[in-house]
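K.L.:
Following this message is one structure expressed as structure tokens.
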Amino acid sequence: MIPRMALLVVTGIASVALESVHAGVVLLVSSADTDNVLRFDGITGRFIDVFASGGGLDGPTDLTMGPDGNLYVASFFNNYVLRYDGTTGDFKDIFASGGGLEAPLGLRFGPDNNLYVSSLLTDDVLRYDGRTGDFIDHFASGNGLDGPVGAVFGPDSNLYIASSETDRVLRFDGATGDFIDVFATDVGLDEPRGLAFGPDGDLYVSSFQSGAVHRYDGATGDFIDVFASEGLDGPVGLAFGPDSNLYVVSKGVDGVLRYDGTTGDFIDVFASGNGLSGPTFLTFIPEPASLALFALGSLTARRRRRR
């Protein structure tokens, strides 16, 4: 039997852990000009530190957390995908390369837990084994795909890719890579780069040259509106934050801008400065300390059940 006091401590740890997972969120932003990934408080925008760098990182673009809890970053100029410890930011290895990868931009793990990478100069999306990093195949290409940038798997589990040179978002079968359709485009979309499905199920696309975020019906691809534009200069990556607002990397102002997730109204420059230069993509993740507390709480809870 576990002593009563120990049970109280365990319960307290688990409770704090669960609260921390909700409260402890950080924003990671790729800083292409300084070859690193910066970390900001995901609630306040306060700068925390340089989270990941080194290992040959050269022109970081898209970044994502993997199923293993580590951070994966596309290194544009040397055609690598690098892996960093998801808790400490320490460099681990060159996870994926080869297979014809040239100028990687979009980066996503798919429903099959494999890694999909947009290869800008070869106009296709390459697939790598999500555990080993071994090259699998050229997953999606052709059908007007020209200058692929952002990539995202949609609610339908299909792959959506921003074709920057043709001003379109193309949809490919998420299991086979077969082309489905030109999902979204409109006369004002000019060099799409970042893609994100919102809490409302609609698709949001950054239009780099026109300095705006366009919204499309998530089921039909029909153009809805120019959702956000105030203050934007060269928008690239975008994501909805823990507050359900929209966060957009504005490369021309070296910052991350925040917009009301319902109305698109400009709120503020959420994160900037502290060496952030030439930002490209962003992602929100649970704060590493929160993950550690959660793991500790889960472990102690499991041990309690076994007794």
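The values are calculated or read from the model by the stated rules, or taken from the named source; none is laboratory data. Keep in mind that this is a model prediction, so the values were computed, not measured. When we count neighbours, we look across all protein chains shown, and the Cβ atoms used for this are built from the backbone with ideal geometry, even at glycine. Just so you know, the surface numbers come from the protein's heavy atoms only, side chains and all, with ligands and any DNA or RNA stripped out. Shrake-Rupley method; radii C 1.70, N 1.55, O 1.52, S 1.80 Å.
K.L.:
Would you check if LEU189 is surrounded by 19 or more Cβ atoms within 10 Å (Cβ to Cβ) and either within 20 Å of ILE224 (Cβ to Cβ) or at pLDDT below 95 (or both)?
P.N.:
The answer is yes for LEU189.
K.L.:
Of the residues that sit in the range 30-47 and are without any contact (Cβ under 8 Å) to a residue 40 or more places away in the chain and farther than 17 Å from PRO104 by Cβ, which one is surrounded by the most Cβ atoms within 10 Å (Cβ to Cβ)?
P.N.:
ASP41
K.L.:
Is one or more of the residues making up the range 271-282 closer than 23 Å to GLY188 by Cβ, modelled with pLDDT of 95 or more and buried (at least 16 other Cβ atoms within 10 Å of the Cβ)?
P.N.:
Yes.
K.L.:
When you scan the range 48-74, how many residues do you find that are open to solvent by 10 Å² or more (accessible area, probe 1.4 Å), in a strand (DSSP E or B) and among the charged types (D, E, K, R)?
P.N.:
So the answer is 1.
K.L.:
Name the residue, out of LEU159, LEU101, that is within 30 Å of ASP200 (Cβ to Cβ) and surrounded by 16 or more Cβ atoms within 10 Å (Cβ to Cβ).
P.N.:
Going through LEU159, LEU101 in turn, the sole match is LEU159.
K.L.:
Further, regarding this structure: Go through (1) open to solvent by less than 10 Å² (accessible area, probe 1.4 Å); (2) not in a strand (DSSP E or B) one by one and return the number of the condition PHE77 breaks.
P.N.:
Only one criterion in (1) open to solvent by less than 10 Å² (accessible area, probe 1.4 Å); (2) not in a strand (DSSP E or B) is unmet by PHE77, namely (1).
K.L.:
Another question about this same structure. Given (1) open to solvent by 10 Å² or more (accessible area, probe 1.4 Å); (2) in a strand (DSSP E or B), identify the lone condition not met by LEU170.
P.N.:
Condition not satisfied by LEU170: (1).
K.L.:
Tell me the strands (runs of 3 or more DSSP E) entirely within the range 106-154 that contain at least 2 residues that are touching a His at 6+ places or on another chain (Cβ under 7 Å) and either at pLDDT 95 or above or among the aliphatic types (A, V, I, L, M) (or both).
P.N.:
124-128
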